[in-house]
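This report refers to the structure that appears directly beneath it.
The values are calculated or read from the model by the stated rules, or taken from the named source; none is laboratory data. The shown structure was predicted, so the numbers you read here are calculated from the model rather than taken from an experiment. Please note: Cβ atoms are built from the backbone with ideal geometry, for glycine as well, and neighbour counts cover all protein chains shown.
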2 protein chains.
Amino acid sequence: MSEKNKKSGADDSLDVIPQLSLDCVIFGFHDSTLKVLLLKWKGLEEYSLPGGFVKQDESVDDAAVRVLKERTGLDKIFLRQFHTFGKVKRYDNLALQKKLSHMLDEEVFQERVVSIGYYALVDYEKVFPNPDKFTDKCEWYDLIDVPELLFDHNDILNKGLKALRLELSFQPIGLNLLPEKFTMPDMQRMYEAILDKKIDPRNFQKKILKTGIVIRLKEVKKGVAHKSPYLYKFDQKRYKEVLEDGGLFFI
Amino acid sequence: MSEKNKKSGADDSLDVIPQLSLDCVIFGFHDSTLKVLLLKWKGLEEYSLPGGFVKQDESVDDAAVRVLKERTGLDKIFLRQFHTFGKVKRYDNLALQKKLSHMLDEEVFQERVVSIGYYALVDYEKVFPNPDKFTDKCEWYDLIDVPELLFDHNDILNKGLKALRLELSFQPIGLNLLPEKFTMPDMQRMYEAILDKKIDPRNFQKKILKTGIVIRLKEVKKGVAHKSPYLYKFDQKRYKEVLEDGGLFFI
């Protein structure tokens, strides 16, 4: 490993795989809205996804777990690798250099980097966002308000969202985005936020109940207008069975 | 780029990205059977998937297209990146060294390599398999007869097959695996081979016809026993619409 490669990590002392990085699209769900965690770069109005390099002695999955833990305080996060971004020119290096040359080594703008994209689903209420050494804010953004991002991170975010939509029917998305107890309208709004379309509530409730993946609790949600809706939790065993046995392709 | 990195490509003169490779699971369909293209290593009873390195001036997708063209003679192949394999120890280096040290540079056994997995679907009848410089045979194997492969290539193959199964309902798999004209039993057998399960023929035909993705031709298939079955071709525009509009999740 050359000196150069040693320097290209977030920490100068790290021995990392050269020309390889990872980026994380971290999704949360709150107030009926799908949100994503973004970093704001120090002293600039520039934003990016959280990311990092892969140490020589860690797997790429472990590197993603480490980055997620550093940014959210959480481990045991639901994490899926969705695509590796490997164009020769992933972004406009000259434009990037103008913006960031005071913060990053020159080699960052010369060397091509291939990046592995992960998406993560986290319980919004349990996350303590934490910026890295290049950034001074780590904050949730509504998906609809995401600004122009550095590097090719808008592409990575869009592809991560596409992967989430595709996997909605055969991964335990609800289990990871919803709080432990939720109402049927909460769950419906999560589907609506991810798919960006309206769903008929009566059909939705009927179909979900028919699968047996949720258990109705004796509690109702308090502090909501009109009739208090019942709370549900997932029957995790049944949820897993349904996903493995062909999925929830009816929404 | 160091001398070392220059040497790690399949061709010594290539300037490739260090510690990054790609491997291809090339599927074909013939005689009602799903097949995969394997390389046999020179003078050994050892097999692997086709693969290669990524040149500094080509995208990872273009590298996969190049490898596929070298091995099959085809360009314009349906190709999907499905997973990047990034464990620290992807395989037993010592065991590999015993088998291949007379053919490969020492560094191959020392340096960890992250590999990007692609699967490809090809028209079996149009492929001219062609070994690379380390191998003396490039041949189709029935999926069920695949031997133990070098590196972690059995894992890569299995994950590629899983990706193919998942994408069967929203990628134009039939268009790429079946010949231009095919019978309804051909199509059914393709689904059965990929999913490794029996499908009820009457239901299958009814559901496929209802989608409008196939057009019945005036020809029938000749030289088959019993009643000659009609030939069909895909209505490519309609096929694309159905896949985009929620997919074929009924098989």
**Study point:** Every residue from region B:208-241 that is under 30 Å from A:K197 (Cβ atoms) and either within 14 Å of another protein chain (Cβ to nearest Cβ) or part of a loop (DSSP other than H, G, I, E, B) (or both)
**Key:** B:G212, B:I213, B:D235
Practice item. Can you work out which of the residues in region A:49-79 that are part of a strand (DSSP E or B) and more than 14 Å from chain B (Cβ to nearest Cβ) is surrounded by the fewest Cβ atoms within 10 Å (Cβ to Cβ)? Key: A:F78
Practice item. Take A:E192 and decide whether it is in a helix (DSSP H, G or I) and assigned by TED's automatic domain parsing to the domain that holds A:K237. Key: yes
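Just for region A:116-131: of the residues that are more than 18 Å from A:N176 (Cβ to Cβ) and crowded, with 17+ Cβ neighbours inside 10 Å, which one is modelled with the highest pLDDT?
The first filter runs over region A:116-131 and keeps only residues more than 18 Å from A:N176 (Cβ to Cβ), leaving A:116, A:130-131.
This time we only want the ones that are crowded, with 17+ Cβ neighbours inside 10 Å, so: A:116, A:131.
Details: A:I116: 98, A:P131: 94.
Taking the candidates together, the pick is A:I116.
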Practice item. Identify all residues within region A:196-207 that are free of Cβ contacts under 8 Å to residues at least 12 places away in the same chain and assigned to a helix (DSSP H, G or I); write none if there are none. Key: A:R202, A:N203, A:K206
Practice item. Would you tally the residues in region B:204-251 being aliphatic (A, V, I, L, M) and in contact with a helix residue (DSSP H, G or I) (Cβ under 8 Å, 6 or more places away or on another chain)? Key: 6
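Among the residues of region A:96-111, is there at least one that is facing chain B (nearest Cβ under 10 Å), at negative phi and not aliphatic (A, V, I, L, M)? Let's see the steps before the verdict.
Restricting attention to region A:96-111, the residues satisfying the condition of being facing chain B (nearest Cβ under 10 Å) are A:111.
Of the ones still in play, those that are also at negative phi are A:111.
Now narrow it down to the ones that are not aliphatic (A, V, I, L, M): A:111.
Among the residues of region A:96-111, at least one is facing chain B (nearest Cβ under 10 Å), at negative phi and not aliphatic (A, V, I, L, M), which makes the answer yes.
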Check your understanding: Among the residues of region A:60-119, how many are β-branched (V, I, T) and closer than 19 Å to A:N158 by Cα?
Key -> 3
Exercise for review: Of the conditions (1) within 12 Å of chain A (Cβ to nearest Cβ); (2) in contact (Cβ under 8 Å) with a residue 24 or more places away in the chain, B:K89 clears all except one; give me its number.
Suggested key: (2)
**Study point:** Candidate set: region A:166-176, residues that are in a helix (DSSP H, G or I) and away from chain B (no Cβ under 11 Å); chosen: the one surrounded by the fewest Cβ atoms within 10 Å (Cβ to Cβ)
**Key:** A:N176
